[in-house]
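Read the structure below first, then the notes.
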Amino acid sequence: MMRIVVSIIFIVIFAASLDAGGKKTMDPRGKETMDPCLESMKTASLPDLPYPYDALEPAISEEIMRLHHQKHHQAYVTQYNKALGNLRSAMAAGDHSSVVKLQSVIKFNGGGHVNHAIFWKNLAPVHEGGGKPPHDPLSSAIDAHFGSLEGLIQKMNAEGAAVQGSGWVWFGLDKELKRLVVETTANQDPLVTKGSLLVPLIGIDVWEHAYYPQYKNARAEYLKNIWSVINWKYAEDIFDKHTRDLDID
Amino acid sequence: MAASAAVTANYVLKPPPFALDALEPHMSRQTLEFHWGKHHRAYVDNLKKQVLGTELEGKTLDHIIHNTYNNGDLLPAFNNAAQAWNHEFFWESMKPGGGGKPSGELLALLERDFTSYEKFYEEFNAAAATQFGAGWAWLAYANDKLKVVKTPNAVNPLVLGSFPLLTIDVWEHAYYLDFQNRRPDYIKTFMNNLVSWEAVSARLEAAKAASG
């Protein structure tokens, strides 16, 4: 239980740090909240896509990118901010019961925001390096852990296809065990809910909204095709950043 | 009309009780083609493969569902078995020219247990809209009372000790082709235009008889 609360607090802080846009708000009585820490809590905002909506065609259609970004991700941001507002009020009022009750809606929507903010960066148009395989040191690390890049991709696709219901498949770095992992999470649970020292390198959304208009029920085909627009540069940057101090082969 | 006890077939993909285009414009033929023709079919086919050579082979859907739920720590066959059951139940929950307010005993019971049809509508709507991720919303019957329940993924009220009477599928595949992200519009359309209250009444009679 503590672990879930810690993870959720982590998610809240991480999500708030993703974007600028702090707003001073009044509490329901029209008074400014007393605690400066609460007052300065920043709300989330929808990040821009780093490329045009049609840039990932034919792997991911423009229609999907528009819906996914402007409707689904935007809804997570909106609902998350609403929940943060409710959390702020509950905390200010010392309403601990409500604070705890709000955790699931914060996890759903904050997780949705966190995950999608990473996802847009995990993708790139082909002419900007999408699909181009990684190089060292990440490349060698992948070979060491999965045999080859193909081995990693196959594992991701198998696990992604096997997710029942909604969720994500992740390629991550386990900083505690100093190794690369493939994990899945349910719904909008971020990777950190599977281990607080897991760092996401690549996440693939396997909610049906991520592929349905184009691929319908053929999730396996979506998974096969998405690799042509996966942005390995992002994964390399994150990997480099986190392994600088680790002894990882 | 199928009561819960009748959905025990030997894993047959039963066609819906209406033509695939009969629910237009509220639920498109294209949706039915994929939802029934691909998704539901896959649950049935995969279940057959999955239970072959195991002690579950030849058992009814009800049996498999109850024996693989495992208090929420689901055993492998649960997903396919429950989804096969849920989808057959879903098709039979709908009819062309359906929806709106029921009458007679069913209306009286809704008014008894929810104060009014409108309150039931609101509650059912809210359950369907707030089931996060994939799942279902239900009208169910237990202890001589009607209630609204929402469940994640493949879970259904059978494993929660109630009799399902009505369901709406809120997995995204159920509404994405027709409504995209607009799940609330899909729910309203279902409530206003698709619900088969005849099916619900028949199931309620069966549930009362079964509870003794």
- prompt: Tell me which lysines have Cα within less than 17 Å of residue A:178's Cα, excluding those fewer than 8 residues away on the same chain?
  reply: A:194, A:241
- request: May I ask you to list the aspartates and glutamates whose Cα is less than 14 Å away from that of residue B:14, ignoring any residue fewer than eight positions away on the same chain?
  value: B:33, B:45, B:88, B:92
- prompt: Which of A:80, A:215 comes first, and how do the rest follow, when ranked by fewest Cβ neighbours within 10 Å?
  reply: A:215, A:80
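How high is the FRET efficiency from residue A:71 to residue B:55, r the C-beta distance, R0 51 Å, rounded to 0.05? Write out the running numbers ahead of the final one.
Working: r = 46 Å, r/R0 = 0.90.
Taking R0 as 51 Å, the efficiency between residue A:71 and residue B:55 is 0.65.
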statement: Between the residues A:184, A:172, A:227, the Cα farthest towards the positive end of the dipole of segment A:151-237, that dipole coming from +1 and -1 charges on the beta-carbon of Lys, Arg, Asp and Glu, is from A:227
Per-residue [θ]222 nm for chain B (sum of -39500 (n - 2.57) over DSSP H runs n ≥ 4, rounded to 500): -13500 deg cm²/dmol
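Determine the dipole magnitude for segment B:67-125: charges of +1 sit on the beta-carbon of Lys and Arg, -1 on that of Asp and Glu, nothing else is charged, the reference point is the Cα centre, and the result goes in debye to the nearest 20.
Working: 4 positive and 9 negative charges, 27 e Å.
I would put it at about 120 debye.
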field: Cα centroid separation, segment A:179-210 to segment B:138-212 (Å)
entry: 31 Å
- request: Of the options B:209, B:13, A:210, report the single residue whose Cα projects farthest towards the positive end of the charge dipole of the protein assembly as shown (beta-carbon charges: Lys, Arg +1; Asp, Glu -1).
  value: B:209
- request: Grab the other residues whose beta carbon is less than 14 angstrom from that of residue B:171, score K and R as +1, D and E as -1, and report the net.
  value: +1
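Going through the cross-link list A:82/B:150; A:175/A:224; A:42/A:233; A:71/B:95; B:101/B:147; A:42/A:121, which pairs have a Cα-Cα distance over 25 Å in this structure? Don't jump to the answer; show the numbers that get you there.
Numbers: A:82/B:150 23 Å; A:175/A:224 28 Å; A:42/A:233 29 Å; A:71/B:95 31 Å; B:101/B:147 17 Å; A:42/A:121 22 Å.
In this structure, A:175/A:224; A:42/A:233; A:71/B:95 lie more than 25 Å apart at Cα.
Suppose every Lys and Arg Cβ carries +1 and every Asp and Glu Cβ carries -1, with no other charges. What dipole size does segment B:48-182 come out with about its Cα centre, to the nearest 20 debye? Walk me through the numbers before you get to the answer.
Working: 11 positive and 16 negative charges, 17 e Å.
Around 80 debye, computed over segment B:48-182.
When you look at the Cβ of every residue in A:68-80, what mean number of other chain Cβ atoms sits within 10 Å?
Other-chain Cβ atoms within 10 Å of each residue's Cβ, averaged: 1.
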Debye, to nearest 20: dipole size of the protein assembly as shown, +1 on Lys, Arg Cβ, -1 on Asp, Glu Cβ: 720 debye
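Quick one: grab the alpha carbon gyration tensor of segment B:111-158, order the square roots of its eigenvalues as a ≥ b ≥ c, and give me rounded if a/c is under 1.5, else prolate or oblate depending on whether a/b is larger than b/c. Could you put the intermediate results ahead of the total?
Details: a/c = 4.37, a/b = 1.42, b/c = 3.07.
Oblate shape, in that a/c is at least 1.5 and b/c is the bigger or equal ratio.
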message: Compute the distance from the alpha-carbon center of segment A:212-249 to that of segment A:109-143, in whole Å.
response: 4 Å
message: If R₀ is 56 angstrom, what is the calculated FRET efficiency for the pair residue A:246 and residue B:62, using the beta carbon separation as r and rounding to 0.05?
response: 0.60
task: Name the residues whose placed amide hydrogens come within less than 5 Å of the amide hydrogen of residue A:167, ignoring near sequence neighbours (fewer than 5 apart) on the same chain.
output: A:187, A:206, A:207
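Throughout, read-outs are computed from the coordinates displayed, never taken from laboratory work. Predicted, not measured: the structure shown is a model, and the values here were computed from it. Glycine also receives a Cβ, built like all others from the backbone with ideal geometry; neighbour counts cover every protein chain displayed.
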